[in-house]
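Just below is one structure, and these are the notes that go with it.
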Amino acid sequence: MMLGADGGEVGGSDVNGVLTIDERRVVGCAHQLGLILSSRWPGVAAQLLAQGAEGEGVAELAGLSRMASPWFVDQLVPELLAELSITELPADEAIELVGRLVGQAVAARKDADEFAAVRELARLSPSLGYPLGVIGDAYYASEWLDCECHADSPERDAAAALEASLRTSNPLDVDSGLLLAVTAVV
């Protein structure tokens, strides 16, 4: 077990002896910022269960179909989060973490669009009230992606630099199956 400067555990397994701190933080912020759609929660829960996470909410959610009522699914998510001691992060920390998560997921895909991370983060912006940070940067950068008149512009270059930085950010300690389940819409 590695300890950080504050004496808390860094990386490694924590809850139920199976989830890394990064995995717990990723699931929490992906939920908090709306990255995981209701139809995707059964797959996320199934992956958590496959990794050894325990709890009635985890098991019940994992047993649901992707076609289950979003209303029913959404009632179980808080139970899963509580069972796994997953809490909300401060908004700026959650935004930065989702940026890293999306960048890592896009970098792992062979068929990713040239600006897939920027586009996905920009998609989140309106529902979050156009936040600052990497999501706000992505929203601004996305304005220049599909306009041929900006093909060789400083704005397009800035969007390419943002995409590159997202794809090469410090990798999170997240199981590849969980990464795929959490970012299935990316």
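The values are calculated or read from the model by the stated rules, or taken from the named source; none is laboratory data. Note that the structure is predicted; figures quoted are calculated from it, not measured. Heads up, the Cβs are rebuilt from the backbone with ideal geometry, glycines too, and the neighbour counts pull from every protein chain shown.
Worth a mention:
- Applying the condition of being of a type outside the set (Val, Ile, Thr) and touching a residue at least 60 places away in the same chain (Cβ under 8 Å) to the stretch 49-89 and asking which residue is nearest to GLY28 (Cα to Cα) yields GLU88.
- Residues in the stretch 43-64 that are in a helix (DSSP H, G or I) and of a type in the set (D, E, K, R) were compared, and the one that is nearest to VAL18 (Cα to Cα) is GLU56.
- The listed residue being touching a Gly at 6+ places or on another chain (Cβ under 6 Å), assigned to a helix (DSSP H, G or I) and surrounded by 14 or more Cβ atoms within 10 Å (Cβ to Cβ), out of ILE86, ILE95: ILE95
- Of all residues in the stretch 17-32 being β-branched (Val, Ile, Thr) and farther than 18 Å from ALA91 by Cβ, the one that is surrounded by the most Cβ atoms within 10 Å (Cβ to Cβ): THR20
- Figure legend. Inter-residue proximity from the stretch 19-48: first residues more than 15 Å from GLU79 (Cβ to Cβ), second residues of a type in the set (Lys, Arg) and outside any helix (DSSP H, G or I), beta-carbon distance below 6 Å, spacing 6+ or different chains. Indicated pairs: SER39/ARG66.
- Flag if SER153 is under 21 Å from SER38 (Cα atoms) and surrounded by fewer than 17 Cβ atoms within 10 Å (Cβ to Cβ): no
- Test: LEU101 is in contact with a Gly (Cβ under 8 Å, 6 or more places away or on another chain), surrounded by 12 or more Cβ atoms within 10 Å (Cβ to Cβ) and under 19 Å from ASP22 (Cα atoms): no
- Residue that is farthest from the chain's Cα centre (by Cα) [pool: residues in the stretch 33-42 that are crowded, with 21+ Cβ neighbours inside 10 Å and assigned to a helix (DSSP H, G or I)]: PRO42
- Options LEU124, LEU178, LEU145: the member that is under 13 Å from ALA30 (Cα atoms) and not assigned by TED's automatic domain parsing to the domain that holds LEU61: LEU124
- Taking the criterion of being surrounded by 14 or more Cβ atoms within 10 Å (Cβ to Cβ) and farther than 17 Å from ARG100 by Cβ, the residues of the stretch 156-180 that qualify are ARG156, ALA158, ALA159, ALA160, GLY177.
- Restricting attention to the stretch 110-149 and to residues that are at pLDDT 90 or above and of a type in the set (D, E, K, R), the residue that is surrounded by the most Cβ atoms within 10 Å (Cβ to Cβ) turns out to be GLU120.
- Residue, nearest to VAL182 (Cα to Cα), within the stretch 56-106, restricted to residues that are in contact with an Asp or Glu (Cβ under 7 Å, 6 or more places away or on another chain) and among the β-branched types (Val, Ile, Thr): VAL102
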